[in-house]
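The values are calculated or read from the model by the stated rules, or taken from the named source; none is laboratory data. Since we're looking at a predicted model, the values are computed, not measured. Note that we place each Cβ from the backbone using ideal geometry, even for glycine, and neighbour counts take in every protein chain shown. Please note that ligands, DNA and RNA were not included when accessible areas were found on the heavy atoms of the full protein model with its side chains. Shrake-Rupley method; radii C 1.70, N 1.55, O 1.52, S 1.80 Å.
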Amino acid sequence: MMTSLFILSILLLCSLSNSMQAQHQQSVSLPHYRFRLEATQPLTADECFYSRFTVFNRRTGAVVQRATFDRENATSLTCRLPISMLLKATDPNNDGNQDAFVLSSSAATNQLYDLWLFQPGTGRFRRVLTDLFNPTVNRQRREIRTTHQMGLGSSEQNLYQYQNNSFFLYEITTRNHDDQAGNTRVVVKRLVNRQMRIVRQFVEPDQP
C-alpha cells in the first residue's frame, strides 16, 4: 500500500512538472539563429504568458542562449498572434548582424517591443531597449522611430540614434489634438547638452 502511494505521488509530481513545461511555443528563424518563444503559464484558453525564449544555432541545433523574462517584463499575449508579430528580425545599428524586436505588449493601435541586439563578442543577444511603441527602423541612419498612438489625433514620437555602441533617445515629438479648438499643438524636444530642450513648437489647424 505504501509502495503504491509512493508511486502515485511520483506520477503526480511528474504530471505537475510536465504541466509547468511550455504549453505554447512559436519559433522564427534568422539567418544563423532560431528563436523559440515559450508560454509556461497559460492564463486562459486564448491568452498566453510568454515568460522565456530560447535561441538555437541553426546549423548545429545547439542552444546559444536562454532568456527568462521577470514577472514585470513578462509578456501576456493572445496565443493566436502570428510569430511574425511576436518577433521581428531587424538590424537597426546596421552592423550586418540580425537583431530582434520581441513583442512585450499588444493593443488595438499600439504594439510594444523590446530590442535585443546581437553581441558579436559573446555571440549572444542583449536587451538594450524596452517598451518601444510601434518601432520602425532606418538602417542607413541607424535610427529607431517609435509612435505611441494616444487617440483623437494625439501621439508621441520618439527618435533613438545609435552612437558609441548604444542607442539613446535623441528627439521627442508630441502632438496634442484639441477638438474644440480644431487644431493640434506640436512640441519638439531634442537632446541638447544631455538635456531634453524644446527646439520647436507650433499649432496645426485641422484640415477641413
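For residues that are open to solvent by 30 Å² or more (accessible area, probe 1.4 Å) and without any contact (Cβ under 8 Å) to a residue 24 or more places away in the chain, tally how many sit in region 148-164.
Total meeting the criteria: 6.
Filter region 70-106 down to the residues that are part of a loop (DSSP other than H, G, I, E, B) and at pLDDT 80 or above and list them by number.
Answer for region 70-106, where residues must be part of a loop (DSSP other than H, G, I, E, B) and at pLDDT 80 or above: D91, P92, N93, N94, D95, G96, N97, Q98.
Residues R127, R145: which one is open to solvent by 50 Å² or more (accessible area, probe 1.4 Å), on the phi < 0 side of the Ramachandran plot and over 12 Å from the mean Cα position of the chain (by Cα)?
It is R145.
Working only within region 165-175, note down all residues that are open to solvent by less than 40 Å² (accessible area, probe 1.4 Å) and farther than 25 Å from M85 by Cα.
E171, I172, T173, T174
Out of all the residues in region 81-120, which are farther than 18 Å from A39 by Cβ, of a type in the set (S, T, N, Q) and touching a residue at least 40 places away in the same chain (Cβ under 8 Å)?
T90, N93, N94, Q98, T109, listed by residue number.
Yes or no: R127 in contact (Cβ under 8 Å) with a residue 60 or more places away in the chain and touching an Asp or Glu at 6+ places or on another chain (Cβ under 7 Å)?
When the stated conditions are applied, R127 passes them.
So in region 196-208, with the set limited to residues that are touching a strand residue (DSSP E or B) at 6+ places or on another chain (Cβ under 8 Å) and more than 18 Å from Y160 (Cβ to Cβ), which one is most open to solvent (accessible area, probe 1.4 Å)?
If we take residues in region 196-208 being touching a strand residue (DSSP E or B) at 6+ places or on another chain (Cβ under 8 Å) and more than 18 Å from Y160 (Cβ to Cβ), then R200 is most open to solvent (accessible area, probe 1.4 Å).
Has region 176-195 got any residue that is surrounded by fewer than 13 Cβ atoms within 10 Å (Cβ to Cβ), over 27 Å from K88 (Cβ atoms) and in contact (Cβ under 8 Å) with a residue 12 or more places away in the chain?
yes
Check region 173-187 and report whether any residue there is aliphatic (A, V, I, L, M) and modelled with pLDDT under 95.
Scanning region 173-187 turns up at least one residue that is aliphatic (A, V, I, L, M) and modelled with pLDDT under 95.
Tell me whether region 36-57 contains one or more residues that are within 30 Å of G96 (Cα to Cα), at pLDDT 65 or above and open to solvent by 80 Å² or more (accessible area, probe 1.4 Å).
no
For region 107-158, which residues satisfy the criterion of being of a type in the set (G, A, S) and in a strand (DSSP E or B)?
Result: G151, S154, S155.
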